[in-house]
1. If I model the stretch 219-262 as equal point scatterers sitting on the Cα atoms and use the Debye formula, what is log10 I(q)/I(0) at q = 0.19 Å⁻¹?
2. With the Cα gyration tensor of the stretch 359-407 in hand, give its eigenvalues times 5 under a square root as the equivalent ellipsoid semi-axes, listed largest first in whole angstrom.
3. May I ask you to give the average projected area over all directions of the convex hull of the Cα atoms of the stretch 1-155, in nm² rounded to one decimal?
4. Which percentage, to the nearest 5, of the DSSP beta bridges contained in the stretch 58-352 is antiparallel?
5. Under 8 Å for C-alpha pairs, at least 6 residues apart: give me the relative contact order for the stretch 263-338, rounded to a whole percent.
6. Below 9 angstrom from the Cβ of Glu243, what's the summed charge of the other residues (Lys, Arg +1; Asp, Glu -1)?
7. Test of understanding: given the chain, find the longest segment containing no trypsin sites (Lys or Arg not before Pro) that are in a DSSP loop and have at most 10 other Cβ atoms within 10 Å.
8. Probe radius 1.4 Å, ligands and nucleic acids ignored: give me the carbon and sulfur share of the accessible area of the chain as a rounded percent.
Amino acid sequence: MTDMLLTNFALLDVAAGELRSGYQVLIRGNTIAAVEKGIDAAGVEVINFGGRTLMPGLIDCHVHIAPGAVLNQPKLSLSFTAARGVMWMRQMVHRGFTTARDAGGADAGYRKAVEARISVGPRLFVAGRAISQTGGHGDKRWPSEPACSCGESMSSLARIADGVPECRRAVRDELRMGANHIKVMAGGGVSSPSDSLSHLQYSDEELLAIVDEAARQNTYCMAHVYTARGIRRAVELGIRTIEHGNFLDDETAKVMAERNAFLVPTLVTYRVDGANGEKIGFTPEVIEKNNQVLEAGTRSLDIAARNGVNIAYGTDLAYSSKVHQPEEFLVRAEVQKPADILRSATLVGAEVIGMVGKLGVVAPGAFADLLVVDGNPLEDLGVLQNEGAKMAAIIKDGEFIKNQLVP
Ligand code: ZN
Ligand code: ZN
């Protein structure tokens, strides 16, 4: 890790939604030491970005690095899942996502492998296994399968816990194993065989216990939930981030805004899964549920934005190809301005993961996670597409992950 002075770029100020010229950035170790006009840094290596745009690395607040198999596909071994996860992490950081929050499946080992520089990947914030009730979104057994004692290990994405004591134990156990936050299935889901989307999962007492356990260990809960009723209940019981939330309404959005909750839409996944359903092994029932959330389209995003809800960037893509990860920018651009979407994928993401000032921003004291882009993302979100094709350089932790700058 050598110190670097970055010069000759337009700086994307995501907070203001503007490009600024004439600045230089000094990186010392893995940290941004200065962002000023005319830095005197004798003896430091000078890197010329040739007038390109310099911006903070992207944050995806809803990914799955280690999902299990789709319902009717053969189960996957842990070694296969881990090897595939390592490949996906490398691809993710090469498309500009220097930070990712796993929403169930990845344990602390993935994060530690990146931190130890064994694997190349985004900074990871993981949930371990999501917590689900019996018959909930994390219960992947077919209705024809009888109860078994294998609850904790039957899916790599989730674990089953019923009743307050089991819920408390599950949260404690995931945090013991190094989860950064807790994921709970608070409503029905698309890819689960025993529930409907409108199903409210977990009793109030159970959800309160889960939230309490997380809060006492200074962390928070993210909840998978679609319906307005389910979202409202989750937020009122103390859930901090709402995942998907496709059936959000105005009244519920107001409650979210009042309580400073976050919405993490994952709209791209329904479009891609909808187009590939059969190919990726979805059953007709799962395809039907996907159609229901797909039809809700960008409405939830529009409602959330109008009511001042904090919106973070999420993609999900648990089963479809992750090459579609940046297409969420294009989906959102149907109802939002590029500057707002860029804030979701940087500043708001940093708030979600508790890294304000450290990530999602080009400022002194922040980690040097930076993208060097050909073109202006405020005018054309296409520059973030196609596997980083327009990213001439990607810096993470003060080091080049990718460098195509001609010296
Ligand atoms: Zn979900
Ligand atoms: Zn998910």
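1. -0.43
2. Numbers: eigenvalues 72, 43, 15 Å².
Over the Cα atoms of the stretch 359-407, the semi-axes work out to 19, 15, 9 Å.
3. Working: hull surface 49.1 nm².
For the Cα atoms of the stretch 1-155, the hull's average projected area reads 12.3 nm².
4. Working: 1 of 27 bridges.
Of those bridges, close to 5 percent are antiparallel.
5. On the way: 76 pairs, mean separation 35.7, N = 76.
In percent, rounded to a whole number, it is 47.
6. On the way: positive: Lys183; negative: Asp316.
Around Glu243, the surrounding residues sum to 0.
7. Numbers: sites that count: Lys37, Arg117, Lys279.
Here the longest run is 118-278.
8. Working: 7880 of 15730 Å².
Roughly 50 percent, rounded to a whole number.
The values are calculated or read from the model by the stated rules, or taken from the named source; none is laboratory data. Since this is a predicted model, take the numbers as computed values, not measurements. With ideal geometry, Cβ positions are generated from the backbone for all residues, glycine too; neighbour counts draw on all protein chains shown. Heads up: the accessible areas ignore ligands, DNA and RNA and are worked out on the full protein's heavy atoms, side chains in. Shrake-Rupley method; radii C 1.70, N 1.55, O 1.52, S 1.80 Å.
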